[in-house]
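Right, one structure below, let's go through it.
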Amino acid sequence: MSKNLMIIESPGKIKSLSEYLGRDFRVMSSQGHIRDIEGIGKNSIGIDFANDYMPNYEIDPQKIQLVESLRKEAEKADKVWLACDPDREGEAIAWHLKEVLQLPSEKTCRVTFDEITKSTVLESIQHPRDIDYNLVHAQQARRVIDRIVGFELSPILWKKVTTGLSAGRVQSVVVRLVVEREREIEEFNSTAQYRVNAEFSGLSADGNEVRFTTELNHRFATKEEALSFLELCKHQQYTLSSVTHREGRRTPAPPFTTSSLQQEAERKLHFTGSKTMRLAQALYEAGHITYMRTDSVSMSGMAIGAAKNTILSEYGEEYHKTRQYQTSSKGAQEAHEAIRPTYMHVEKAGSNNDERRLYDLIRKRALASQMADALTDTTRIEVAMDQSPYLWVATHEVITFDGFMRIYTQGSDDEENTGLQQSLDGIVAPMQCRMHTAVAQESYSKAPLRYNGASLTKKMEDLGIGRPSTYVPVIEMIQLRGYVEKRNVEGIKRSYNILTLHDNKISDKTKTETVGADSGKFLPTDLGRITNDFLVENFPSILSYDFTANEEEKFDAIAAGEINWIESVDHFYKTFHPLIKQVPSGKMAARYIGVDPESGEPVLARISKNGPCIQIGDSEDQKPRFASLQKNQSIFTITLEEALDLFKHALPYKLGEYEDKDVIVGEGKYGPYLRVDTNYISLPKHLNPHAITMEEAVEIIQKHMQQQLPIHDWGDVQVLNGRYGVYIKAPTGNYKIPRTIHAETMTEEECRHLIATTEPAGSKKRR
């Protein structure tokens with residue numbers, strides 16, 4: 001029997017830890033949280049408001065047997081080691097384990113590992129501690145406040161927007177980010193300017209001809225101005241008047257935090273945030289990297305020393321520079337170190353190609369942080385004109401010492417690179433120049449970029465919305481709830497003008513470009529927009545970025561033991577709860593479009609339980625009429641004409657006739673359908689119920705009727721195709737046919753035997 005029981009979160013660590021700790025330890029996993037605040041009931045949200053907001057916890061029903069196994073092993077052990085993850089969530093899990101398993105303090109030890117290596121694990125065993133209740137209280141305060149917000153806001157959304165919606169202290173604010181960015185793009189007024197580039201040549205100091213491209217240091221607002229300037233260029237003398245050199249340096253980025261790892265992995269490896277965290281979790285559990293949920297950028301002295309040895313060995317003394325980065329985030333308490341390899345000298349690690357690619361990224365970033373600056377030499381030249389104050393400018397940067405850039409360069413979300421890359425060697429001033437070609441091209445200012453996973457995570461981090469452990473779950477949640485979606489956007493064609501001066505002649509051409517196209521970016525849905533608008537209008541303080549960030553700072557202060565968690569929750573509730581009562585009663589959230597000319601009733605666009613729709617009428621005296629929007633339509637852009645046109649084919653409507661029976665197109669609980677007499681036939685997903693043709697409907701009906709023909713017909717007994725499979729229809733009821741029996745080959749005798757020996761479907765339920 002093992003004298004020690006160690007309980008961890010993830011079962012993926014069991015094998016490694018068992019090997020490190022030996023036979024005196026038994027390692028078991030809690031598989032994450034074993035209990036949480038009880039589910040919301042009719043009269044309770046799982047929080048005792050009269051008792052200092054104490055949560056009412058319940059064990060996860062799926063983990064009751066696991067908890068019992070842990071309890072039995074804990075009773076047999078001399079000492080129980082709670083080795084959950086080194087963050088607030090892990091601390092809370094450790095506390096829940098102690099409470100549920102009723103572990104006495106004298107036999108309970110809390111240990112944490114920033115990395116799963118033998119030396120670190122054994123060292124941690126030598127320095128156990130008690131549970132840090134400040135961390136527990138910080139996590140508990142977050143759960144309580146999030147539960148309160150969800151419980152009190154969500155029912156309002158059900159009444160005012162549509163049923164089944166949810167609101168969250170963090171998720172709703174992130175939806176706001178996406179909605180507001182899309183509106184910035186929609187409202188962006190692009191302006192045009194003319195950029196002018198020119199190609200020159202001249203003789204270098206050694207008499208050789210050199211050619212170089214420059215850009216004018218002025219942009220023209222109109223075509224007329226650009227044309228006038230090119231006319232001026234025909235009669236100018238050009239002199240290369242200045243050549244300057246400037247030494248510079250580039251400094252490496254710090255090692256990865258959770259946020260920066262997600263951002264860089266998306267830029268360089270095209271991994272989603274969830275994929276990155278899943279791979280990082282596997283690398284951590286295998287002992288290859290340190291704990292991957294952290295907002296710290298510091299590394300231990302041992303790690304810095306190991307990085308130094310690796311750099312000296314692989315690249316030499318000149319490439320090394322010791323650095324210790326300081327975390328700028330106020331609440332950087334989620335782990336002790338940045339994300340780094342456990343062993344710096346190990347070049348490759350991971351069980352598959354994706355893990356190996358991510359490990360390589362982590363290792364190079366960590367090593368680069370301890371390497372020398374890259375040195376640069378930037379050459380700038382200026383070409384002057386006789387009769388103009390403007391200058392033609394060209395720059396060229398040369399890396400004179402690559403330093404950290406030998407192994408790593410940081411990615412960027414900036415999709416535009418306008419720099420002119422060319423060599424300016426051999427150019428000296430003064431030098432008479434000849435212009436060969438000048439091009440004035442119309443260019444437009446660009447709208448803000450839509451968010452991808454990396455840039456949205458960065459924005460959340462910058463604003464203090466959420467913490468490392470919540471970035472990915474929140475982004476996944478707003479997609480799951482249907483508020484935000486990743487999709488492609490088709491661009492629109494736009495003309496632009498190009499003026500070219502060559503051989504003293506100016507040509508004028510017009511070309512087209514596609515603008516506004518996007519691939520795999522976050523866009524708000526109509527549901528996300530209208531939900532956001534309602535929340536921002538009625539709860540501006542709660543949806544404030546500052547408010548959300550301030551709450552996160554309060555959680556950090558609770559974790560640091562600076563404020564009391566109960567007082568913090570109480571202050572939040574007494575501020576938040578009165579706002580709920582101030583929400584005006586009455587009409588649902590909707591966009592007013594106009595007036596129906598026939599009825600004089602208002603035309604509204606809103607969200608119904610079946611999705612975006614148009615509503616005509618909102619008075620109590622007359623029942624409103626509804627029409628569903630088509631897939632390519634939005635409640636925020638649809639016009640009055642388009643809205644009224646939907647009612648020409650508003651569901652349900654008569655499409656035609658089939659065998660002297662009306663064919664009705666409608667929409668029900670399970671989606672759009674065709675109805676012929678008493679037969680309801682679901683429409684395939686690829687068909688639009690508003691645009692289906694009679695020919696398509698006949699094909700669907702005939703196929704359905706064919707499926708409804710009996711497989712066997714013996715008068716009072718039939719074998720039929722049903723919604724849930726093949727069955728027997730008899731006077732005594734309907735009977736299921738076992739999967740082992742082939743209905744097509746059944747005989748009448750076999751069929752009647754099955755009826756005699758089995759119960760009709762649903763008979764047990766009726767008893």
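The values are calculated or read from the model by the stated rules, or taken from the named source; none is laboratory data. None of these values were measured; they are calculated from a predicted model. Glycine gets a Cβ as well: all are built from the backbone with ideal geometry, and neighbour counts include every protein chain shown.
Some points to look at:
- Single condition ILE614 does not satisfy, out of (1) assigned to a strand (DSSP E or B); (2) under 25 Å from the mean Cα position of the chain (by Cα): (2)
- Scanning the range 174-198 for residues that are without any contact (Cβ under 8 Å) to a residue 60 or more places away in the chain and farther than 30 Å from PRO540 by Cα yields nothing.
- Subset of the range 673-718 that is assigned to a helix (DSSP H, G or I) and of a type in the set (S, T, N, Q) - its residue that is farthest from THR745 (Cα to Cα): GLN702
- Screening PRO597, PRO602, PRO540, PRO578 for residues that are out of contact with any Ser or Thr (no Cβ under 6 Å at 6 or more places or on another chain), closer than 28 Å to THR457 by Cα and not basic (Lys, Arg) leaves exactly one candidate, PRO540.
- Consider the range 569-593 and keep the residues that are among the charged types (D, E, K, R) and modelled with pLDDT of 85 or more. The one that is surrounded by the most Cβ atoms within 10 Å (Cβ to Cβ) is ARG591.
- ASP596 over 35 Å from the mean Cα position of the chain (by Cα) and crowded, with 17+ Cβ neighbours inside 10 Å: yes
- Residue satisfying condition, being outside any helix (DSSP H, G or I) and touching a residue at least 40 places away in the same chain (Cβ under 8 Å), within set LEU165, LEU97: LEU165
- Yes/no for VAL665 being in contact with a His (Cβ under 9 Å, 6 or more places away or on another chain) and crowded, with 16+ Cβ neighbours inside 10 Å: yes
- Of all residues in the range 24-69, those satisfying the criterion of being touching a residue at least 60 places away in the same chain (Cβ under 8 Å) and over 17 Å from ALA141 (Cα atoms) are SER30, GLY32, ILE34, ILE40.
A quick yes/no check of all residues on (1) over 30 Å from LEU687 (Cα atoms); (2) surrounded by 15 or more Cβ atoms within 10 Å (Cβ to Cβ):
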{"residue": "MET705", "(1), (2)": "no, no"}
{"residue": "LEU709", "(1), (2)": "no, no"}
{"residue": "TRP714", "(1), (2)": "yes, no"}
{"residue": "VAL717", "(1), (2)": "yes, yes"}
{"residue": "ILE728", "(1), (2)": "yes, yes"}
{"residue": "TYR735", "(1), (2)": "yes, yes"}
{"residue": "GLU750", "(1), (2)": "yes, no"}
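- Positions within the range 633-680 being polar (S, T, N, Q) and under 28 Å from GLU598 (Cβ atoms), in sequence order: GLN633, SER634, THR637, THR639
- ASP503 being of a type outside the set (Lys, Arg) and in contact with a strand residue (DSSP E or B) (Cβ under 6 Å, 6 or more places away or on another chain): no
- Some residue of the range 313-335 being part of a helix (DSSP H, G or I) and closer than 20 Å to ASP114 by Cβ: no
- Looking across the range 263-319 at every residue that is within 22 Å of GLY32 (Cβ to Cβ) and of a type in the set (D, E, K, R), the one that is surrounded by the most Cβ atoms within 10 Å (Cβ to Cβ) is identified as ARG293.
- Residue within the range 536-558 that is exposed (fewer than 13 other Cβ atoms within 10 Å of the Cβ), of a type in the set (D, E, K, R), outside the structural domain of THR637 (by TED's automatic domain parsing) and outside any helix (DSSP H, G or I) present: no
- Residue check for PHE271: more than 30 Å from LYS348 (Cβ to Cβ) and modelled with pLDDT of 90 or more: no
- Among the residues of the range 133-185, just one is in contact with an Asp or Glu (Cβ under 6 Å, 6 or more places away or on another chain) and either over 30 Å from CYS109 (Cβ atoms) or surrounded by fewer than 18 Cβ atoms within 10 Å (Cβ to Cβ) (or both), namely ARG169.
- Search result, residues across the range 457-485 that are part of a strand (DSSP E or B) and either of a type in the set (A, V, I, L, M) or surrounded by 16 or more Cβ atoms within 10 Å (Cβ to Cβ) (or both): VAL484
- Qualifying residue in the range 194-204 (condition: closer than 30 Å to PHE555 by Cβ and of a type in the set (Gly, Ala, Ser)): no
- Residue check: ILE566 meets all listed conditions (1) surrounded by 13 or more Cβ atoms within 10 Å (Cβ to Cβ); (2) under 30 Å from the mean Cα position of the chain (by Cα); (3) assigned to a helix (DSSP H, G or I) but one, namely (2).
- Pair list, Cβ < 7 Å and 6+ apart or interchain, from the range 129-145 residues that are closer than 17 Å to SER469 by Cβ and touching a residue at least 12 places away in the same chain (Cβ under 8 Å) to residues that are of a type in the set (S, T, N, Q) and buried (at least 17 other Cβ atoms within 10 Å of the Cβ): ALA141/SER568
- Checking PRO524, PRO540, PRO473, PRO430 one by one, the residue that is touching a residue at least 60 places away in the same chain (Cβ under 8 Å) and under 30 Å from LEU165 (Cα atoms) is PRO524 and no other.
- Criterion (of a type in the set (Ser, Thr, Tyr) and in the same structural domain as LYS234 (by TED's automatic domain parsing)) met by exactly one of THR514, THR510, THR437, THR500: THR437
- For first residues located in the range 742-761 and more than 11 Å from TYR727 (Cβ to Cβ), partners that are of a type in the set (Lys, Arg) and lie 6+ apart or on another chain with Cβ distances below 8 Å form the pairs THR758/LYS736.
- Top-ranked residue of the range 275-302 - restricted to ones that are over 30 Å from GLN31 (Cβ atoms) and in contact (Cβ under 8 Å) with a residue 12 or more places away in the chain, ranked as nearest to the chain's Cα centre (by Cα): VAL297
- Some residue of the range 646-660 being in a strand (DSSP E or B) and under 30 Å from ILE728 (Cβ atoms): yes
- For the range 213-241, a residue qualifies if it is buried (at least 20 other Cβ atoms within 10 Å of the Cβ) and in contact with a Phe, Trp or Tyr (Cβ under 6 Å, 6 or more places away or on another chain), and the qualifying residues are THR214, LEU216, PHE220, ALA226.
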